Structures are given as structure tokens and as C-alpha cells.
Amino acid sequence: MIEDVKTFNGLSLAFIGDAVDELKIRTYLLSTGLTKVNDLQHRSKEFVSAKAHAKLFFLMEKEGFLTEEESDIFKRGRNSHPHTKAKNTDIVTYQISTGVEALLGYLYLNKESSRLNEIIDWMIEKVESGQTRE
């Protein structure tokens with residue numbers, strides 16, 4: 001399949017990480033019993049928006065949740081230069097979100113599913129417990 005994930009640039013990792021995050025969160029939301037598409041869409045923003053990712057990243061930093069290697073992957077994504085403009089958020093928040101997505105993409109492509117699931121579960125717990133609300 002994919003040979004050396006470590007050589008991928010941050011945007012390529014974020015591209016797949018965004019999809020992985022969306023799928024895992026959508027699956028989680030369906031498991032809670034939500035069935036109306038509008039409700040699912042609204043709730044998913046609490047987990048996968050740039051603002052949500054930024055809040056979650058700051059909690060990760062505060063708790064020392066990421067390994068050194070994971071922090072490096074995050075920085076690779078954050079420091080990449082997207083060719084698209086951020087929608088509904090500032091560029092710094094968008095860059096942080098890109099870093100989170102790059103980390104998730106890296107773990108997925110590197111077949112580190114146990115750690116990927118641990119991070120996604122941690123993110124879900126933080127959102128559901130209200131720790132990402134303003």
C-alpha cells in the first residue's frame with residue numbers, strides 16, 4: 001500500500017486525516033441514536049470544525065497527551081501552507097486544525113489504529129464532557 005508515510009507533507013496527511021476524523025465522528029454520532037441528518041450535521045461541528053480542533057489541541061498540550069513524534073507530525077501539518085482560505089475562522093485556528101488532521105492522517109496511514117482510536121476517543125470524551133465549550 002503506502003510505503004513511507006514519514007515522507008508525506010502535512011497537507012497530504014491532513015487530507016486523509018480529515019476524512020478519517022469525519023468518518024469516526026459520524027459513526028460515533030450514529031451510535032448515540034441520532035438519526036436526523038440536520039441534527040447529525042449540527043453535532044458533528046462540535047467535534048470536527050477548525051474551532052473544535054483548536055480547542056482540543058490546546059487541551060492535548062495542557063495535558064501532555066501527545067508524544068514527541070506526534071507533536072512533530074502536528075507541527076508539520078500546522079506549518080504547511082494551504083492554498084485554500086479558511087472558512088468561518090481565522091488562519092491560526094485553521095492551521096491548528098490542519099495540524100490535528102495531519103496527526104490523525106499520519107496515524108491512520110501508518111496503521112497505528114490503536115493510538116488513532118485512543119486519540120479520537122479522548123477527543124469525543126472532551127467534547128461530550130463540555131471541556132471544549134467557551
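Answer yes or no as to whether residue 119 is in contact with a Phe, Trp or Tyr (Cβ under 6 Å, 6 or more places away or on another chain) and of a type outside the set (Ser, Thr, Tyr).
no
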For residues that are farther than 13 Å from residue 120 by Cβ and of a type in the set (Phe, Trp, Tyr), scanning just the stretch 1-32, find the one that is surrounded by the fewest Cβ atoms within 10 Å (Cβ to Cβ). 15
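Yes/no matrix, rows are residues, columns are (1) within 15 Å of residue 13 (Cβ to Cβ); (2) acidic (Asp, Glu):
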residue	(1), (2)
99	yes, no
112	yes, yes
122	no, no
127	no, no
For residue 124, indicate whether it is exposed (fewer than 12 other Cβ atoms within 10 Å of the Cβ) and of a type in the set (A, V, I, L, M). no
Being of a type in the set (Val, Ile, Thr), surrounded by fewer than 17 Cβ atoms within 10 Å (Cβ to Cβ) and in contact (Cβ under 8 Å) with a residue 12 or more places away in the chain is the filter here; which residues of the stretch 33-66 pass it? none
Pairs returned, first residue in the stretch 77-104 that is crowded, with 16+ Cβ neighbours inside 10 Å, second residue that is among the hydroxyl-bearing types (Ser, Thr, Tyr) and part of a helix (DSSP H, G or I), beta-carbon separation under 7 angstrom, 6 or more apart or interchain, are 77/98; 78/98; 80/98
Has the stretch 69-76 got at least one residue that is surrounded by 14 or more Cβ atoms within 10 Å (Cβ to Cβ), small (Gly, Ala, Ser) and modelled with pLDDT of 95 or more? yes
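Is it the case that the stretch 60-83 has a residue that's among the basic types (Lys, Arg) and closer than 16 Å to residue 128 by Cα? Even if it seems obvious, please write down each step before you answer.
Of all residues in the stretch 60-83, those among the basic types (Lys, Arg) come to 62, 75-76, 78.
Restricting the remaining residues to those that are closer than 16 Å to residue 128 by Cα gives none.
Within the stretch 60-83, none of the residues are among the basic types (Lys, Arg) and closer than 16 Å to residue 128 by Cα.
The values are calculated or read from the model by the stated rules, or taken from the named source; none is laboratory data. Since we're looking at a predicted model, the values are computed, not measured. Using ideal geometry, Cβ is built from the backbone for each residue, glycine included, and neighbour counts are taken over all protein chains shown.
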